[in-house]
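What follows is a short report on a single structure.
Every number in this text was worked out from the coordinates using simple rules, so none of it is lab data. What you see is a predicted model, and the numbers here were worked out from it, not measured in a lab. Cβ placement follows ideal geometry from the backbone for every residue including glycine, while neighbour counts extend to all protein chains displayed.
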Amino acid sequence: MTLDNVQTLTVSELSASLKRTVEGEFGHVRVRGELSGVKRAASGHVYMALKDDRAVLDGVCWRGTAGRLRFKPEDGLEVIATGKLSTYPGRSKYQIIIDEMEPAGAGALMALLEERKKALAAEGLFAAERKRPLPYLPEVIGVITSPTGAVIRDILHRLQDRFPRRVLIWPVQVQGEAAAGQVAAAIQGFNALDGTGAVPRPDLLIVARGGGSIEDLWGFNEEIVVRAAADSAIPLISAVGHETDTTLIDYAADRRAPTPTAAAEMAVPVKAELDAALADRAARLVQARRRDLDRRAERLAHLGRALPRPRDLLGSARQRLDEAAGRLPRALRAVAGQRRGELNRAAGGLTLGRLRQGVRFKGERLAQSAARLAPAARRRLGHDRDRLAASARLLTSLSHQGVLRRGYAILQAADGTVLRRRTDLAPGQSVTALMQDGAAALTVTDVTAPGGDGPTAGSEPSPTPGSAVPKRATAKRPKTAKRQTGAGDGRQASLF
């Protein structure tokens, strides 16, 4: 065959021919290999490479298929991919279009799970000191689960049986690629509530899901979910799967429940048991109080029997009283006789001359005192008269009648309130002016500020002849009266 007989093809024609040939020969293949270079595009498509020790095969998983995967593709994970081979003419590459993908056996997933567990544990996310105690009786419980499954019904039914509480449900997907992001967002959303709005902040969180395979529960092994559970400020119970199922969120949670029903039992106590315990303790308290009163009464009776009788206590006192009463008349007579003797002896020593001398001495002292009393009384009356006159003069100068007599007036409002400032007046206001010889009814026509051409708020009024505005009275300090000396009596004048 010569070159002239070979058909000349364009690059696009040759690429299309290769594409048809590859897709025709390898329309359905299953490939086992290790993932490498996993990258999710903004469109949602996932690009990767499958490799073994000798070859590399590019692969692409479209967005619709990627959303149905039961696990998150990661580098280093060995998988079995099912799809068809195709070519990418833009780069002369062939690749597998993945329709299904699953881990290459549970051993691969378990190895990945164990590796992730060690890495997160090394960060301290599973440390015991991070665990918070659960509230004994939470007012509000937040449940993160699927709203349509049997799990939420079991939790609500169990809570209703034990101790009804308010429950807030945050609906999420519990399986598939979107499950991890929604669960983490729900935990963070409950923690972001401040309790001041219409939705209260839960006192306890429960993350719940029914049982399933390791692939079904893989979303709860994702790092984003583990970190959200570890960072939760609200105590969290993990109730994912059945008793034999274990996920990484179980290690990060504050408590792990073997089943969702068991999580509800951990969340609240049994109200009937609390009522019974309370009634039992109340009965025991009454019995203990009764026994204590009986013991006290018995002890009081014993102490009472040990005390002597009141009649016996008063017997000695009665006898001493009788003896003292018998001795009292004799003692009174003896004392009276002794005092009579002393009086007779004192009377015998007195003479008429001494009595007269004593009377004369007392009379002289009385006359001297009387002579001094009259001048002292006059001085005292004069001093008080001067003080009274000074006080009267001061009262007259400071009283409002004195101010009125000097030509001033006092303004009063209709209710009798004294108007002291210009700001108390307003044009058109009716006021009463009190003067020395009577009162006058006035009407304010203008209010003028001092030194201004018109009314100014907040300044003192300037008095003008005939104005109803009172003048400000200035009280002068009374002068101290000069010291005066009485005419030859040596008395001090009033200081007022």
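Summary of values
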quantity	calculated
Where only C-alpha atoms are counted, convex hull volume of the range 243-318 per residue in Å³	172
Shape parameters for the range 126-269, alpha-carbon atoms, Rg then Dmax in Å	13.6, 41
Relative contact order %, the chain, counting alpha carbon pairs below 8 Å whose residues are six or more apart	8
Residue order, fewest to most surrounding Cβ atoms within 10 angstrom, among Phe220, Phe126	Phe126, Phe220
Candidate aspartates and glutamates - alpha carbon under 16 Å from Lys118, same-chain residues fewer than 8 apart omitted	Glu222, Glu223, Asp250
Of all DSSP beta bridges in the chain, antiparallel share, percent nearest 5	65
Computed E for Thr82/Val11 - FRET, C-beta separation, R0 41 angstrom, nearest 0.05	0.85
Distance violations [Cα-Cα > 18 Å] among Lys19/Lys93; Lys72/Lys131; Lys39/Lys72; Lys72/Lys117	Lys72/Lys131
Ordering of 392-398, 110-116 by packing [mean C-beta count within 10 Å, highest first]	110-116, 392-398
R0 of 45 Å, Cβ-Cβ distance Met435-His383: FRET efficiency to nearest 0.05	0.70
The range 11-104: antiparallel DSSP beta bridges as a percent of all, rounded to 5	90
Using θ = phi - 60° and Karplus 6.51 cos²θ - 1.76 cosθ + 1.60, couplings along the range 169-181 (whole Hz; Gly, Pro as x)	9, 10, x, 9, 7, 10, 7, x, 5, 7, 5, 4, x
Cα gyration tensor category, rounded, prolate or oblate, for the range 1-113 with a/c compared to 1.5	prolate
Under-5 Å amide H pairs with Leu168, H placed in peptide plane, nonlocal only	Ile141, Gly142, Val143
20 Å-binned pair-distance histogram of the chain (Cα, whole percent)	13, 18, 11, 12, 21, 14, 7, 3, 1, 0
